[in-house]
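The values are calculated or read from the model by the stated rules, or taken from the named source; none is laboratory data. Only a predicted model underlies this, so the values are computations on that prediction, with no experimental measurement involved. Every residue, glycine among them, receives a Cβ derived from its backbone with ideal geometry; neighbour counts consider all protein chains shown. All accessible areas refer to the heavy atoms of the entire protein, side chains included, with ligands and DNA or RNA removed. Shrake-Rupley method; radii C 1.70, N 1.55, O 1.52, S 1.80 Å.
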Amino acid sequence: MTSPSLPADAQPSYLSGLNTPQREAVLTTEGPLLVLAGAGTGKTAALTARLAHLIATRRAYPSEILAVTFTNKAAREMKERVGRLIGAAVEGMPWLGTFHSIGAKMLRRHAELVGLQNNFNILDTDDQLRLLKQLIQAEGLDEKRFPARQLAGLIDQWKNKGLTPDDIGAAEGELYANGRGQKMYALYQARLRTLNACDFGDLLLLPLTLLRREREVLAEYQRRFRYVMVDEYQDTNSAQYLWLRLLAQERKNICCVGDDDQSIYSWRGAEVANILRFERDFPGAKIVRLEQNYRSTPHILAAASGVIAGNAERLGKTLWTEVDEGEKVRVLGVWDGAEEARTVSAEIEQRHMDGLALDEFAILVRAQFQTREFEERFLQIGLPYRIVGGFRFYERAEIRDALAYLRLVAQPADDLAFERIVNVPKRGLGDKAVEKIHRLARAEGTPLLTAASRILDSDELTPQARRALGNFVSSLARWRDMASALPHAELARILLDESGYTAMLQAEKTTEAAGRLENLSELARAMEDYETLGAFLEHVSLVMDNDAAEDERKVTIMTIHAAKGLEFGHVFLPGWEEGVFPSQRALDEGGHTALEEERRLAYVAITRARRRCVILHAANRRIYGQWTSSIPSRFIGELPPEHVEEQSSIGGGASLWRNNWLEQPDPFADVARGAGRGPGWQRAAQTGGVGAPDIYPREARTSPAVSTKARSDLAPGMRIFHQKFGYGIIATQDTNKLEIDFDTAGRKRVIDSFVSIA
C-alpha cells in the first residue's frame, strides 16, 4: 500500500483546498482503503480528486476504473467535477455510473450466458405487477389474499440478498401463499426469460450470477478494473456487496467511501454490516477518517455526536469544525401537533421578516403523515412551502381515493369520484362493465351512480359484475344513511374498512403500505376539526387550489430519509416522541437493530442543519382518532445538556426526562446479548408499554413541575375543565392521575395539573 507525498511546488490543482485526511485518501492508491466520511466532511471532493489523481498520474486509463454511485445525479456530478479537474480524459470512463447502469452494461455484453438476448427489455414496476398478477391467476391463487405487490416486494428482497429461486429455502418460501413463494419466484424468472426481459432487481442479481458461474468472465473483469471505487458504501445491499468483493479480490485496489452512522435504508435492503466488516473482508485495509465538518456549528455537531454515541454497532469518529460556536440546539415541548405547527410557522415568519430567505428553512419529519399539520397551517397563514420527495398530503393516491368515497357519499352525482373508486379496491368490475354504465348514463342523461343502480335491473352485466356493482351501490347507500347519525371522521374509518380499502393495504405487507395506512389515519383525524363532512370537503378543495408560483422561494417539508445528502441553514425536527421517533413500527418489527437505525436517522436529521436546529416534542398526539399522552423521544435524553437549550409550554421542560432515559437500561440490550428480556421490559409491562420506560419517570414523581401528590382540592364526582378536552366529571383519582368522563371526548386519563375546577 502506498501513500505518496508530493513536494509543495509539485502539487496538482486537484489537491488544492483539501485537508490532510482528504489528501491521504486521494494519495493512498494501492490496496484496500475505507474512507469513513462523516456528515458534511467533503467526501465528494476527496472522491473526485482521487479519481482525477488515478487518471492524471497514469496509474490507470479511464476505462480501467470502476466507479460506482447510487444515483444518476451523483454519477453526473462526479463526471463533471473530474472533467473540470483533468479535462476531456474523463469522457473515456464507460464504467462510471450506478450499480444498475453498470449491471445493465455487463448484461448486454454477456446476455446469452444468463438466458437472455442482448436486446432484452427492462420492466418497470407496472409491467412487473401485471406479469405477477397473470402468474398468480394462472396458479389459481386469490390475488386479494396474496397480492402481486406483496410478491413483488419479496422477490425484490431476495434479489437484493443475491438469492436465485434455487437459493430460496422453505422458511423464505413460507412468506408467500402458504409456502408457494419459491415456486412463484421460479415461475416469474422463467417467464421473464421467455419475454427476453428482466426487472431492476435482475440488474443486480444476474451480473452477480454471471460472475459466480462464469470464471472466464470474472477473470476478464478482474483484469480490466485496476481500481474499484464505491460511493455511499454503507447503503450497499448483499448482492452489491458480493458483486464488489468478487471484482476486487484479485487486485484488492478497492476504495469504499461511506459513513456507517448514516446507514438508514435497511427497509430497501441496505446492510450496515457491509461497511462494518470491511477490514475483515480486506485484511490490511487502511482506514482514513474524514472528521472536519464544513457545514454545521459545534453545538449541532456535539448534539448529533451525543445521540449516535448510543449505538454499539459503529466504527466511530469524532466530528469537529472551525465554524463559530453559534446557537445551542433548542428542544421545545408543546401541547400537541397543532401547537407544534403554530410554533414552527411563527418562528419562520419572524426570521423571514428579519431577512432570512424561506428556502433556508426545512421541516424534516419521521413519517409522511406528520406533514399535514404543517401544510394546513402554512396555507392558513399564506406561507409558501414545497413538499420534496413526495406529494402534498391531499395529493397522495390513498388520500384521493378516500376523498373520492367521501365525495360520492356527500354528492351522489360526483361522476369523477365514481370513476376513481368504482373498482378500487378491485371488485371484478372490468373496463367493459364500466363502459356499459357510462353508455347508459349518457343515454339517459343521469349521473353514473344512478345509471349503475338502474343497470342492476338488467342483464347487461355478467352475474359476477352485477353482484359486485350491487354490493358497491348498496354500501354507498348505507354509508349515506350513516352520515346523518355518525361523526364524519368515524364514518370515514367505517367506510375505509367496509370498502376493503384498509384490508387491501394491510395485505400488501410493505413499508409503503404501512405509511399509506398512517396517512389514512391522519386524514380521519383531520376531519374531526370540521363540523360537517361538507365543510371538510370544501376545505380540501380550497387547499388543493392553493398553489404558489414554482419559482417562488419556499419552506421545504420532507422526510428525514429524503433529506440525506442535503443541508439547510435552519432545520426544525418535529415529533420527537416515543412511538413517532423512534417509530413504534420499526421497534416492533426490528428490535435492537431497528433502534440503532432509528438513532442513525436522528443523527442524519440533526446534521442537516448548518446554523440552527430546533427539536420539538408534543405532550399529546392524536393517533387513530384517539388522544394519546406522549413522552419525549429517548433520543432527546441522549443530547448533551451543555449543547442544548430547553423550553416547554407544558411544564417541566425536556430535562425532566433526560436523566430518566439515561438511567433506564436499553430494553433491547439483554435481548441483543441473548439473555432474554431485561429489567426495562418489566417496567414497560407494568405501564402497558412495549419496550418503553415508565410513562411517569422517577424525576416526575418528585419534581415540583409535575408533582405526583394528589391535589387536595379535587375529588371524584367534581366537575372540572380541561384546556383540550373541555368539561367533564372526575371518575377516579390516583395520586396526580385522574380519569375523567368528558362531555364530548369520552373517558380520558390526564394529569391533575392540567385541569381546573369548573
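Total residues in the range 440-463 satisfying the condition of being surrounded by fewer than 13 Cβ atoms within 10 Å (Cβ to Cβ) and basic (Lys, Arg): the figure is 1. With respect to (1) in contact (Cβ under 8 Å) with a residue 60 or more places away in the chain; (2) in a helix (DSSP H, G or I), the lone exception for Glu598 is condition (1).
Does the range 242-259 hold any residues that are outside any loop (DSSP other than H, G, I, E, B) and surrounded by fewer than 23 Cβ atoms within 10 Å (Cβ to Cβ), and which are they? Of everything in the range 242-259, those that are outside any loop (DSSP other than H, G, I, E, B) and surrounded by fewer than 23 Cβ atoms within 10 Å (Cβ to Cβ) turn out to be Leu242, Leu244, Arg245, Leu246, Leu247, Ala248. Could you tell me whether the range 514-534 includes any residue that is within 24 Å of the chain's Cα centre (by Cα), basic (Lys, Arg) and not in a helix (DSSP H, G or I)? No: the range 514-534 contains no residue that is within 24 Å of the chain's Cα centre (by Cα), basic (Lys, Arg) and not in a helix (DSSP H, G or I).
Being open to solvent by 20 Å² or more (accessible area, probe 1.4 Å) and in a strand (DSSP E or B) is a description that does not apply to Thr556.
So which residues in the range 335-375 are surrounded by fewer than 18 Cβ atoms within 10 Å (Cβ to Cβ) and over 30 Å from Ser753 (Cα atoms), if there are any at all? Passing the criteria: Glu349, Gln350, Arg351, His352, Met353, Asp354, Gly355, Leu356, Ala357, Asp359. When the residues of the range 419-437 are filtered to those that are free of Cβ contacts under 8 Å to residues at least 40 places away in the same chain and open to solvent by 40 Å² or more (accessible area, probe 1.4 Å), the one that is farthest from the chain's Cα centre (by Cα) is Lys436. Against the list (1) aliphatic (A, V, I, L, M); (2) modelled with pLDDT of 95 or more; (3) assigned to a helix (DSSP H, G or I), the condition Val35 fails is (3).
The numbered conditions (1) under 29 Å from Thr28 (Cα atoms); (2) in contact (Cβ under 8 Å) with a residue 24 or more places away in the chain; (3) in contact with a strand residue (DSSP E or B) (Cβ under 9 Å, 6 or more places away or on another chain); (4) not basic (Lys, Arg) are all true for Gly316 except (2).
Yes/no matrix, rows are residues, columns are (1) over 20 Å from Gln647 (Cα atoms); (2) in contact with a Pro (Cβ under 8 Å, 6 or more places away or on another chain); (3) in a loop (DSSP other than H, G, I, E, B); (4) without any contact (Cβ under 8 Å) to a residue 40 or more places away in the chain:
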site: Ala303; (1), (2), (3), (4): no, yes, no, no
site: Gly310; (1), (2), (3), (4): yes, no, yes, no
site: Glu322; (1), (2), (3), (4): yes, no, yes, yes
site: Gly326; (1), (2), (3), (4): no, yes, yes, no
site: Gly333; (1), (2), (3), (4): no, yes, no, no
site: Leu356; (1), (2), (3), (4): yes, no, yes, no
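Can Gly316 be described as open to solvent by less than 50 Å² (accessible area, probe 1.4 Å), of a type outside the set (D, E, K, R) and outside any strand (DSSP E or B)? It is true that Gly316 is open to solvent by less than 50 Å² (accessible area, probe 1.4 Å), of a type outside the set (D, E, K, R) and outside any strand (DSSP E or B). Among the residues making up the range 489-512, those that are within 30 Å of Asp156 (Cβ to Cβ) and assigned to a helix (DSSP H, G or I) are Leu496, Asp497, Tyr501, Thr502, Ala503, Met504, Leu505, Gln506, Ala507, Glu508, Thr511, Glu512. Would the range 270-292 turn up any residue that is open to solvent by less than 10 Å² (accessible area, probe 1.4 Å), farther than 23 Å from Ala67 by Cβ, modelled with pLDDT of 95 or more and assigned to a loop (DSSP other than H, G, I, E, B)? Within the range 270-292, not a single residue is open to solvent by less than 10 Å² (accessible area, probe 1.4 Å), farther than 23 Å from Ala67 by Cβ, modelled with pLDDT of 95 or more and assigned to a loop (DSSP other than H, G, I, E, B). The set of residues in the range 208-231 that are of a type in the set (Asp, Glu) and either open to solvent by 30 Å² or more (accessible area, probe 1.4 Å) or without any contact (Cβ under 8 Å) to a residue 24 or more places away in the chain (or both) comprises Glu214, Glu216, Glu220. The single condition from (1) open to solvent by less than 30 Å² (accessible area, probe 1.4 Å); (2) touching a helix residue (DSSP H, G or I) at 6+ places or on another chain (Cβ under 7 Å) that Pro412 fails is (1). Look at the range 468-488 and say how many of its residues are in contact (Cβ under 8 Å) with a residue 24 or more places away in the chain, part of a helix (DSSP H, G or I) and either open to solvent by 70 Å² or more (accessible area, probe 1.4 Å) or of a type in the set (A, V, I, L, M) (or both). Count: 7. Taking the stated definitions as given, is Ser238 open to solvent by 20 Å² or more (accessible area, probe 1.4 Å), closer than 24 Å to Arg599 by Cβ and not hydrophobic (A, V, I, L, M, F, W, C)? Considered against the rule, which asks whether it is open to solvent by 20 Å² or more (accessible area, probe 1.4 Å), closer than 24 Å to Arg599 by Cβ and not hydrophobic (A, V, I, L, M, F, W, C), Ser238 comes out as yes.
Reported count of residues in the range 182-199, each being under 32 Å from the mean Cα position of the chain (by Cα), within 15 Å of Gln128 (Cβ to Cβ) and of a type in the set (Gly, Ala, Ser), is 1. If you check Asp126, Asp156 for being free of Cβ contacts under 8 Å to residues at least 12 places away in the same chain and open to solvent by 10 Å² or more (accessible area, probe 1.4 Å), only one passes: Asp126. Taken over the range 185-201, residues that are crowded, with 21+ Cβ neighbours inside 10 Å and part of a strand (DSSP E or B) amount to 1. Could you say whether any residue in the range 136-151 is within 23 Å of Leu208 (Cβ to Cβ) and among the acidic types (Asp, Glu)? Looking for residues that are within 23 Å of Leu208 (Cβ to Cβ) and among the acidic types (Asp, Glu), one finds none in the range 136-151, hence no.
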